[in-house]
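The values are calculated or read from the model by the stated rules, or taken from the named source; none is laboratory data. The model shown is predicted, which means the values in this text are computed figures rather than measured ones. Note that each Cβ is placed from the backbone with ideal geometry, even for glycine, and that neighbours are counted across all protein chains shown.
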Amino acid sequence: MRVLLASAFAALLVACGPTPSMPVAPTAEAIKAESEKLTQYLNAAYEEELAMNPLQLTSMGRKEKYDELGDFSEAENLKLLEWRRQSVAGMKAQVSRDKLNDDAKTSWDIWDSELKRAELQQKWLRFSYVFGYGGPHTDLPNFLITYHKVDEPADMDALIARIGKLGAALDQSTERAKLAAADGIRTPKFGYDRTMQEAANIITGAPFGKGPDSPLWEDVKGKIAALKTAGKATPEQEEAWLAAARTALVDQMKPAYARLIAWMKADQVNAQSGKVGALTLPKGADWYNASLEIQTTTKMTAEEIHQLGLSEVKRIHAEMEAIKDKVGFKGDLKAFFEFMRTDKQFYLPDTDAGRAAYLKKAEGYLDAMKVKLPQYFGRLPKAPLIVKRVEAFREVRGGAAHYYAPTPDGKQPGIFYAHLSDMSAVSLWALESLAYHEGVPGHHMQIAIQNELTDIPTFRTQYGYSAFAEGWGLYAEELGKEMGMFTDPYNDFGRLNSELWRAVRLVLDTGLHAKGWTEDEAVAWAMANSARPESSIKSEVKRFLLWPGQATTYKIGMLTIQKLRDEAKAALGDKFDWKTFHDTVIDGGSMPLPILENRVRAWIAEQKKV
């Protein structure tokens, strides 16, 4: 009884006491000030990050640290992680999230989420293959060729200095691969073959020996010649530069490539073949789940992704049946796949003329699409876009097309790259959707605009998330249908086959890494369920094995954007506008999918008030 009376008395005291004050909502002025404070903080923090990343500075068109490459050691990764921990802690101590506007909250959330991703990446650092699908042995030379612009004599001095540092960067990367191997983490055997061949391609030819100019030597000579043509270099300077570049290539860079090749040749005997997915690695199942989270920015499990892939394959097959019937093909869908895969009308000759015609056709699709863009987008990219064959030293038979971003100043254009060493792997019916994916309204639209944004913190113009970027690229293909493109039914089949392939990827990636499929089993399943050429399928399956989880990002990102579009249409009805919806999705820069969902739903809520 005393307890009950005491409780009642306490309740009475609370009821009779002073009413607690309600929190006061921040004023518009306070929100504006706090949001600007966050932007200033994040811009300063990103400048600190850039100071540790000379290559990122160069990719932005800036020439600070122009003679440096950066540190590629494990110790540097730890240093960057500790810096990020301190930066996020400082943000939370100095800025109140409750006083930010919606877009500033997006900036806060991305910066905070980057720490979580970095912590997860650090935990599994050695599991991400240093030399896998690409690597510093090809990425660094290609970066210097593509992004290191030589406008003045000092820029050539910086380029030669960087070439001289390629050896040290490659040695650091090789050491990381050795540390991973000591932990039992190796690429499949074919990954060793690929890397050794690519590394050999870099150091073959002049000035290393007889034959045509090697890629970097050709680039150096071309950039020196451009300086001479511009009247900015004398014959004496040319001679000195060529001598210095030769020394940097032969004496400083080549030995590191030789060391990488020698180690790989010796260690390859320890690599796996046959079943070579994540389950063959120590703690492989846990690593694969972590990789899926890092790549997709979601918490989807391998099994959920596998089942999603199977259901999407079934749905897309039904749509393909309709096209098969429309073109009058007699036979089942599997037979139609074989027809599309092999009929000569769908392929250009394996000649230089055939390759030139392929690139020209891609440009034609892009030119026609550019006319339509203003109807669906408020903001358009300023940077130019070019279509180009992949450089010979890194070209792969059946390799996947890809995109290189422009610099923010537009001096370096966006590049849609195509692997054309095997013309039987690049069908004409697939080209229209590929052009929209890599060019406009796909990667070039999204990434060029992101680079050009000025009204958000700088880091948001440069950070990238595969699920967002690749999801947008695949969404852009379907958008092309909405915009009235794909009038050729075979090209429309190509669009569906492109989407089908991304659904197939969900099945293959999880099959290889979570269910223990062999490479041959994955190829056979893909052959039975898509029209992709066999050489391309084999190349793609190798890619999945070398880059676990990344292949799942396309379809997951696309479905997220489509879901948000459908939500907006349902909520806004006649108020829905394609331009403002698309600008909302891509005008904030790339971001994790959960943060994108918050951003678009906040926009929907605002539109309902109008």
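Could you go through the range 219-237 and let me know if any residue there is surrounded by 14 or more Cβ atoms within 10 Å (Cβ to Cβ), in contact with a Phe, Trp or Tyr (Cβ under 7 Å, 6 or more places away or on another chain) and not in a strand (DSSP E or B).
yes
Can you go through Gly442, Gly471, Gly464, Gly484 and tell me which one is out of contact with any Cys (no Cβ under 7 Å at 6 or more places or on another chain) and on the phi > 0 side of the Ramachandran plot?
Gly484
Within the set of pairs 6 or more residues apart or between chains, which connect a residue that is without any contact (Cβ under 8 Å) to a residue 40 or more places away in the chain inside the range 290-319 to a residue that is in a helix (DSSP H, G or I) with Cβ atoms less than 8 Å apart?
Qualifying pairs under 8 Å: Lys299/Glu293; Thr301/Asn289; Thr301/Leu292.
Regarding the range 430-441, can at least one residue be identified that is outside the structural domain of Glu218 (by TED's automatic domain parsing), over 22 Å from Leu140 (Cβ atoms), surrounded by fewer than 19 Cβ atoms within 10 Å (Cβ to Cβ) and touching a residue at least 40 places away in the same chain (Cβ under 8 Å)?
no
Looking only at the range 26-79, filter to residues that are outside any helix (DSSP H, G or I) and among the charged types (D, E, K, R); which one of those is farthest from Asp155 (Cα to Cα)?
The residue in question is Asp71.
Looking at Ser87, Ser59 in this structure, which one is crowded, with 18+ Cβ neighbours inside 10 Å, under 30 Å from Arg162 (Cα atoms) and either outside the structural domain of Glu34 (by TED's automatic domain parsing) or over 24 Å from the mean Cα position of the chain (by Cα) (or both)?
Ser87
Kindly evaluate Ser427 against the criterion of being at pLDDT 95 or above, over 22 Å from Thr106 (Cβ atoms), of a type in the set (S, T, N, Q) and buried (at least 20 other Cβ atoms within 10 Å of the Cβ).
So Ser427 passes the test.
Quick check on the range 465-517: of everything there that is in a helix (DSSP H, G or I) and hydroxyl-bearing (Ser, Thr, Tyr), which residue is surrounded by the fewest Cβ atoms within 10 Å (Cβ to Cβ)?
Filtering the range 465-517 for residues that are in a helix (DSSP H, G or I) and hydroxyl-bearing (Ser, Thr, Tyr), the one surrounded by the fewest Cβ atoms within 10 Å (Cβ to Cβ) comes out as Tyr490.
Of everything in the range 90-131 that's more than 27 Å from the chain's Cα centre (by Cα) and part of a helix (DSSP H, G or I), which residue is surrounded by the fewest Cβ atoms within 10 Å (Cβ to Cβ)?
Within the range 90-131, the match that is surrounded by the fewest Cβ atoms within 10 Å (Cβ to Cβ) is Ala93.
I'm trying to understand the selection: among the residues of the range 161-196, which are part of a helix (DSSP H, G or I) and polar (S, T, N, Q)?
Scanning the range 161-196 gives Gln172, Ser173, Thr174, Thr195.
If a residue has to be crowded, with 17+ Cβ neighbours inside 10 Å, modelled with pLDDT of 95 or more and touching a helix residue (DSSP H, G or I) at 6+ places or on another chain (Cβ under 9 Å) to count, how many in the range 377-400 make the cut?
5
I'd like the residue in the range 352-384 that is in contact (Cβ under 8 Å) with a residue 40 or more places away in the chain and small (Gly, Ala, Ser) and, out of all such residues, is farthest from Val585 (Cα to Cα).
The selected residue is Gly354.
Answer yes or no: is there a residue in the range 543-552 that is buried (at least 22 other Cβ atoms within 10 Å of the Cβ) and touching a Pro at 6+ places or on another chain (Cβ under 8 Å).
Yes: the range 543-552 contains one or more residues that are buried (at least 22 other Cβ atoms within 10 Å of the Cβ) and touching a Pro at 6+ places or on another chain (Cβ under 8 Å).
If only one of Ala182, Ala206, Ala154 is in contact with a strand residue (DSSP E or B) (Cβ under 8 Å, 6 or more places away or on another chain), small (Gly, Ala, Ser) and surrounded by fewer than 20 Cβ atoms within 10 Å (Cβ to Cβ), which one is it?
Ala206
Which one of Ala262, Ala266, Ala248 is modelled with pLDDT of 95 or more, in contact with a helix residue (DSSP H, G or I) (Cβ under 6 Å, 6 or more places away or on another chain) and in the same structural domain as Gly184 (by TED's automatic domain parsing)?
Ala248
Could we say that Glu82 is within 26 Å of Leu596 (Cβ to Cβ), assigned to a helix (DSSP H, G or I) and outside the structural domain of Asn201 (by TED's automatic domain parsing) here?
Taking the combined requirement at face value, the residue does not satisfy it.
Among the residues of the range 209-218, which ones are in contact with a strand residue (DSSP E or B) (Cβ under 9 Å, 6 or more places away or on another chain) and either within 19 Å of Gln268 (Cβ to Cβ) or buried (at least 20 other Cβ atoms within 10 Å of the Cβ) (or both)?
If the condition is that a residue be in contact with a strand residue (DSSP E or B) (Cβ under 9 Å, 6 or more places away or on another chain) and either within 19 Å of Gln268 (Cβ to Cβ) or buried (at least 20 other Cβ atoms within 10 Å of the Cβ) (or both), then Ser214, Trp217 are the ones that fit.
Which one of the conditions (1) of a type in the set (Val, Ile, Thr); (2) without any contact (Cβ under 8 Å) to a residue 24 or more places away in the chain; (3) under 20 Å from Leu279 (Cβ atoms) does Val541 fail to meet, given that it meets all the rest?
Just one mismatch for Val541, condition (2).
Return the residue satisfying two criteria in turn: it lies in the range 146-160 and is of a type in the set (Asp, Glu) and in a loop (DSSP other than H, G, I, E, B), and of such residues it is farthest from Arg389 (Cα to Cα).
The extreme case among them is Glu152.
State which residue is farthest from the chain's Cα centre (by Cα) when the search covers only the range 584-606 and only residues that are more than 12 Å from Phe468 (Cα to Cα) and buried (at least 17 other Cβ atoms within 10 Å of the Cβ).
Filtering first and then ranking leaves Ile604.
Write out, first by first residue and then by second, each pair whose Cβ atoms fall under 7 Å of each other, whose residues are 6+ apart or on separate chains, and whose first residue, in the range 324-349, is among the basic types (Lys, Arg) while the second is in a loop (DSSP other than H, G, I, E, B).
These pairs meet every condition: Arg341/Ala531; Arg341/Pro533.
Note down all Cβ pairs under 6 Å where the first residue falls in the range 200-214 and is assigned to a strand (DSSP E or B), the second is small (Gly, Ala, Ser), and they're at least six residues apart or on different chains.
Pairs found: Asp213/Gly205; Asp213/Ala206.
Against the definition (under 18 Å from Ala285 (Cα atoms), of a type in the set (A, V, I, L, M) and part of a helix (DSSP H, G or I)), how does Val523 come out, yes or no?
no
What are the pairs with Cβ atoms under 6 angstrom where one residue, in the range 26-50, is within 13 Å of Met91 (Cβ to Cβ) and the other, located anywhere, is of a type in the set (D, E, K, R)? Sequence gap at least six, or different chains.
From the range 26-50, the pairs are Glu34/Lys99.
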